Each structure stands twice: as C-alpha cells, then as structure tokens.
Amino acid sequence: MNQHRPITHAVGLIACISLFLFLAIAGVSQEKKEATPESCFAKLKSLKGDWMRKDPTGKEFVMLRYRVISGGTAVEEEMMPGMPDSMTSIYHLDNGSLTMTHYCSLGNQPHLKATKASTPTKMEFECSGGGGNMKSENDMHIHHLSIAFSADDRFTQDWSANKDGKSYGPHEKGEVYRKAP
C-alpha cells in the first residue's frame with residue numbers, strides 16, 4: 001500500500017501543474033482575445049462622467065470629464081473643465097485602429113494612435129505623425145499618452161511631449177478617481 005503513495009503524489013503533482021499551466025495559458029489567451037481596438041474603445045466609453053483629483057491642499061476638483069458623443073462613435077475627454085487652459089481630446093475608431101486627437105492649449109492638435117500592445121487595462125497612444133497647426137513633428141506637441149487602470153473607479157494618465165524629435169519637459173502624470181454619485 002505504501003509503495004504506491006509516491007506514484008499517487010507524483011500523478012497528483014503533475015495534474016496540479018498541468019491544470020495551473022492550462023489556466024495560465026487560458027488567462028493569457030483571454031486577455032489577448034479581449035485586447036482589440038473595439039474593447040479599448042468600449043473601456044473609454046465606460047468612463048462617462050466626472051473624474052476627480054485633489055489639489056495640494058486636499059480640495060477635490062473635477063480633473064477630467066468624459067462624454068460619449070456623435071451617436072456613440074466618439075468619446076470626448078475634457079481636461080480641467082471650466083479652467084482657462086482646459087484641453088479636449090476626442091477618441092474614436094478609424095479603420096480598425098483606436099485613435100485620438102488632442103486639442104492642446106499650445107494651439108496644436110496632434111493625432112495619436114493606440115499601440116498594438118494596448119489592452120482595456122492599459123492603453124498606450126503614440127503620435128501618428130503630425131496634426132493640426134504643426135509644421136512637422138519637430139514642433140513641440142503631445143507625443144505620448146498612457147492610461148493605466150488600477151480599478152474600475154481609478155486610473156492614471158501619463159502625458160509626455162516631444163520637441164525636435166526628442167522628449168521635452170517633464171511627464172504630466174496623475175491619478176484620478178470616479179466622482180461619487
């Protein structure tokens with residue numbers, strides 16, 4: 001009886017490892033299956049409403065406001081609504097790609113496109129070459145945006161600019177949370 005115990009343990013261990021590997025592969029496969037431009041756009045649509053931040057004194061203010069517009073074909077993001085330097089970005093699907101145009105307080109409108117690595121939990125946008133009021137990508141412009149979700153009601157944005165083909169200035173990074181109803 002005891003001589004079969006090591007075999008039973010080995011078979012059980014192999015079964016557990018096999019199950020773990022199967023579940024890990026299935027999980028990775030599911031994330032890749034969900035990571036489409038359409039699923040990322042659906043996540044952006046779910047942001048509808050006001051998103052808050054606290055100033056250095058601890059006072060809460062609306063940092064971002066999202067609206068689903070144009071019959072559900074675009075998402076408008078207003079940064080610092082009501083403030084003199086308020087900026088707007090419009091996200092939409094374009095021929096199978098998730099794109100956005102950032103209407104910057106600098107007076108230009110760079111076009112950014114989500115990278116292939118983007119998922120509904122972490123989206124990366126890169127300047128896709130030019131934009132309105134830009135002679136070339138050498139003009140100072142927003143060049144990169146990363147959006148990382150830590151929960152359904154909390155995410156971080158990381159904006160960066162380029163000038164003369166190189167990263168310019170500090171990143172503008174901040175976490176926001178959904179305004180309580």
Given (1) open to solvent by 40 Å² or more (accessible area, probe 1.4 Å); (2) at pLDDT below 95; (3) out of contact with any Ser or Thr (no Cβ under 6 Å at 6 or more places or on another chain); (4) not aliphatic (A, V, I, L, M), identify the lone condition not met by D85.
(3)
Being outside any strand (DSSP E or B) and out of contact with any Phe, Trp or Tyr (no Cβ under 8 Å at 6 or more places or on another chain) is the filter here; which residues of region 166-180 pass it?
A180
Just give me the residues in region 166-181 being open to solvent by less than 90 Å² (accessible area, probe 1.4 Å) and more than 20 Å from F41 (Cβ to Cβ), in sequence order.
S167, G169, G174, E175, Y177, A180
Number of positions in region 89-108 that are open to solvent by 40 Å² or more (accessible area, probe 1.4 Å) and not small (G, A, S):
6
Could you give me the residue pairs with C-beta distances under 8 Å whose first residue belongs to region 65-92 and is more than 19 Å from E126 (Cβ to Cβ), whose second residue is basic (K, R) and buried (at least 19 other Cβ atoms within 10 Å of the Cβ) wherever it lies, and which are 6+ apart or on separate chains?
E78/R65; P81/R65
Residues being open to solvent by 20 Å² or more (accessible area, probe 1.4 Å), outside any loop (DSSP other than H, G, I, E, B) and over 27 Å from P181 (Cα atoms): count how many of those fall in region 128-165.
9
Please find, within region 53-82, the residue that is most open to solvent (accessible area, probe 1.4 Å) out of those that are in a loop (DSSP other than H, G, I, E, B), under 22 Å from G132 (Cβ atoms) and of a type outside the set (V, I, T).
M80
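The values are calculated or read from the model by the stated rules, or taken from the named source; none is laboratory data. The model shown is predicted, which means the values in this text are computed figures rather than measured ones. Here Cβ is always computed from backbone atoms with ideal geometry, including for glycine, and neighbour counts include all displayed protein chains. Only protein heavy atoms, including side chains, enter the accessible area calculation; ligands, DNA and RNA are left aside. Shrake-Rupley method; radii C 1.70, N 1.55, O 1.52, S 1.80 Å.
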